[in-house]
Amino acid sequence: MRLSDHRHAFFCRHETAHLTVYSSSILLLTMSSLLILKTRICLKYISPLFNPSTAGFTPLNNVISKLSVSSRLLCTKGGSRHAGNNRKEDRQREFNIRERLPFPKSVFAAGTAKRTAEYQKKRAEEEPDFPRKNKRVEPPDHPLTASEWKSLKLTSPNPDRFDVRMISSMLADGTDINVAKSLLAYVAMDTGTLSYELLLRYLTLCVGSGHHSEVFDMYDIMRSRFRTLDTGASSLFIKGFSRTERWKEALTILENIKRAITPSPRNYGDTIAGAVLHGDGDTAWALYAELMEKGLIPNQETWQALFQCGLSHQGHEDGLQAILLHMRDNQIYPEETLAKDIKAWFDSLPEQKWIGSWSTVDPRGVCRSCQAELESIQLSREEYTQLKDRVMGDVIQGRDVFNKTTPEELESFKNFVKRKPAFDVVIDGLNVANIGIKGNQSQTLLEVVSELERQGLVILVLGRKHMQRPSRSWDRHDMSLVQQKAHCFFTDNISEDDPFLLYATLHSGNHCNFVSRDLMRDHKACLPDGATRRLFFKWQRGHQLVLSSYTPGKRVRFQRILSYDTIVQTNGGSWHIPYDENGAERCTYEVPQKWLCLTNAK
């Protein structure tokens, strides 16, 4: 799943959340322009790009070839003691069976956050629309003469940097390139200069709209004027050249980047795509091996190109299966377009009879297409021990733990847990209580505790000391009943509950669940490596209970805990690959609901 976690928000990805060629290139341009904003290409001979008396344009190369450099270009280089308790395991199975099937989808299911946000938006009052101070510059739909551009600039509410803002709008709208040419002609005649920033954005437009001859012209111009190219321009030329018969020149540009910095995954991806497009599979795989050796993270378009390469070039089966295993190890989910290419590759394998189908998984963890049972969400004894040790060391006893509690309080809690039996469920009392109506927190907590007590579970409620003082929110009788039905530990009011919750849950054994709406992203971020963070997320999805809804006086219900793990998985005779649907929005803590099922019929 990718991005660091922050406690105040979760970011949903369109992922199709990949940047388009325009937006990604604009970012490169902006980074480059910070260093070279004042560099200008001055006109040695001013000649119009646009002749109002004719219907066409003078080729940009013919005019800019007369430009000379007035200033130098600045370039960037740039298992615990309770784990074997059969009674606890049997009790846990009963709990899952009773609660799983009728419950709504898991809080970790893709799209849940989006639906929740839409629901909250409908309930909230709409904010009034305020006029924006800086309105967006709208590009014209046809080329303009110099006088028309001048008039448009004079009537603009903000004429400063008019040319840059205008061409940025053209990039966003995908405006016809002839309109951009007419803008450059006006700027050249009006100011006598064309800034590097403006030319670079024009190049971005050429690359994005597939005007290859213009890309070639710009390459010749910039190479003749400047000793080196910055990384923004180099990246654009790699992308532009890779799509043409001059794709091998992109390899030369890539080598030039290596002399200064490590090329980006996108640079490698574009050259790999160019090699695949022109039938050079060996070069594509050599570049991919180099990318992986440098520890870079490939983008999905790169994998898609390699699977497309596999359709026409046999002999790279091991490499393609290694990509799938890399997705598994790093909990990466292919997008639907990539999943289709994966399916097509399996279908094309000679002398193998793979049957591919699009499927879902039922709550028991069984594929609805092939009826195979998927891997359990529960951690193995070795995984659990590894996770417990890391969480205890890096989260519970980490560097900042005593910013959230005191050594005395933490030691007191540890002794409290040791004296108690192993818990079946640990409740974040304040977090759970606040899901109800304001002023009835104690009633909400009591009803949640009562529901779990009816199932015969050993319960720990973690709270704050102020919850013991009678008030409108915390009724004395309710809290007395809570303490009769559950073990309770009340921390200082300034302490944070989460470290205590994680300690008690992990100390009790692999059977123990916890109840909280907090998704623990800060604590996951404290873990030192990606493998441990993914293990924590797997444990969390298999042990966290979240209230789906609460109405006073009605039965408390929790969101479903999935019984199976959502990762790429194989047993040799089959592959099950979770993927992101086109247009679906999934937050980083959510998992896909759609699967590609591949079975070998031999």
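The values are calculated or read from the model by the stated rules, or taken from the named source; none is laboratory data. Just so we're clear, the structure is a prediction, and the values are computed from it rather than from any experiment. No Cβ is skipped: glycine too gets one built from the backbone with ideal geometry, and neighbour counts run over all protein chains shown. The protein model used for the area step is the full one, side chains on, heavy atoms only, and it has no ligands, DNA or RNA in it. Shrake-Rupley method; radii C 1.70, N 1.55, O 1.52, S 1.80 Å.
The orientation-averaged projection of the convex hull spanning the C-alpha atoms of segment 132-194 amounts to 4.1 square nanometres.
Rg and Dmax of segment 146-350, both derived from C-alpha coordinates alone, stand at 20.5, 67 Å. Relative to the current alpha-carbon distance between Thr262 and Gln483, full extension at 0.36 nm per residue lengthens the span by 73.6 nm. Taking the Cβ-Cβ separation of Lys602 and Gln371 as r and a Förster radius of 25 Å, what is the calculated FRET efficiency to the nearest 0.05? For R0 = 25 Å, the calculated efficiency reads 0.85.
Each 10 Å bin from 0 upward holds the following percent of the Cα-Cα pairs of segment 498-602: 11, 34, 33, 17, 4, 0.
Mind checking the dipole of segment 146-350: about its Cα centre, +1 per Lys or Arg Cβ, -1 per Asp or Glu Cβ, Debye to the nearest 20? Don't jump to the answer; show the numbers that get you there.
Details: 20 positive and 27 negative charges, 134 e Å.
Computed about the Cα centre, the dipole is about 640 debye.
Express the accessible area of segment 303-458 per residue in Å², computed with a 1.4 Å probe while the remaining protein chains stay in the model. Each step should come with its number before you reach the end.
Working: 7160 Å² over 156 residues.
Heavy-atom SASA per residue in segment 303-458 reads 46 Å².
Give me the percent of Cα-Cα pairs in segment 267-334 that sit more than 16 Å apart, rounded to a whole number. That fraction is 39 percent.
In segment 191-284, what percent of the accessible surface is made up of carbon and sulfur (1.4 Å probe, ligands and nucleic acids excluded)?
On the way: 1580 of 3380 Å².
So the carbon and sulfur contribution to the accessible surface is 47 percent.
Of the solvent-accessible surface of segment 434-550, computed with a 1.4 Å probe over protein heavy atoms with every protein chain present, carbon and sulfur atoms account for 45 percent. Counting only aspartates and glutamates at least 8 places from Lys602 when in the same chain, those with an alpha carbon closer than 17 Å to its own are Asp347, Glu351. In straight-distance terms, cross-link reach from Lys294 covers every one of the aspartates and glutamates whose alpha-carbon lies under 19 Å from its own, apart from those fewer than eight places away in the same chain; here that gives Glu255, Asp270, Asp282, Asp329, Asp529. Taken about its Cα centre, segment 522-594 carries a charge dipole of roughly 420 debye when the Cβ of each Lys and Arg holds +1 and the Cβ of each Asp and Glu holds -1.
Bridgeable aspartates and glutamates around Lys353 (alpha carbons under 16 Å apart, same-chain partners fewer than 8 residues away excluded): Glu317.
Evaluated with a Cβ-only charge set (Lys, Arg +1; Asp, Glu -1), segment 381-560 carries a dipole of roughly 500 debye about its Cα centre, given to the nearest 20.
Rounded to the nearest 0.05, what FRET efficiency do Ser147 and Thr193 give with R0 = 25 Å and r taken as the Cβ-Cβ distance? Could you check? Don't skip to the end; give the middle numbers.
Numbers: r = 20 Å, r/R0 = 0.78.
Here the calculated transfer efficiency is 0.80.
Its Cα gyration tensor gives segment 223-293 an equivalent ellipsoid. The semi-axes, each the square root of 5 times an eigenvalue, are 20, 15, 9 Å from largest down.
Taking 0.36 nm per residue of separation and subtracting the current Cα-Cα distance, fully stretching the chain between Glu351 and Glu138 would add 70.9 nm. Extending 7 Å from the Cα toward the beta-carbon at both Leu325 and Asn571 defines two label points whose distance is 1.9 nm.
Roughly what % of Cα-Cα distances in segment 381-560 sit above 23 Å, to the whole percent?
Working: 6323 of 16110 pairs.
Value for segment 381-560 (Cα pairs over 23 Å): 39 percent.
When the listed pairs Lys181/Lys258; Lys150/Lys181; Lys340/Lys524; Lys343/Lys538; Lys414/Lys465; Lys438/Lys524 are checked against a 24 Å cut-off, the alpha-carbon distance exceeds it for Lys181/Lys258; Lys340/Lys524; Lys343/Lys538; Lys438/Lys524.
Take the Cβ atoms of Thr406 and Ser471, set R0 to 35 Å, and the FRET efficiency comes out at 0.90.
Our estimate of slack between Ser359 and Glu496, defined as 0.36 nm per intervening residue step minus the Cα-Cα distance, is 45.1 nm.
Selection among Leu198, Asn267, His278 by position relative to the dipole of segment 146-350 gives Leu198 as farthest towards the positive end (Cβ unit charges, Cα centre). Shape verdict for segment 167-244, please, from the Cα gyration tensor: rounded (a/c under 1.5), prolate (a/b greater than b/c) or oblate. Since a/c reaches 1.5 but b/c is at least a/b, the shape of segment 167-244 is classed as oblate.
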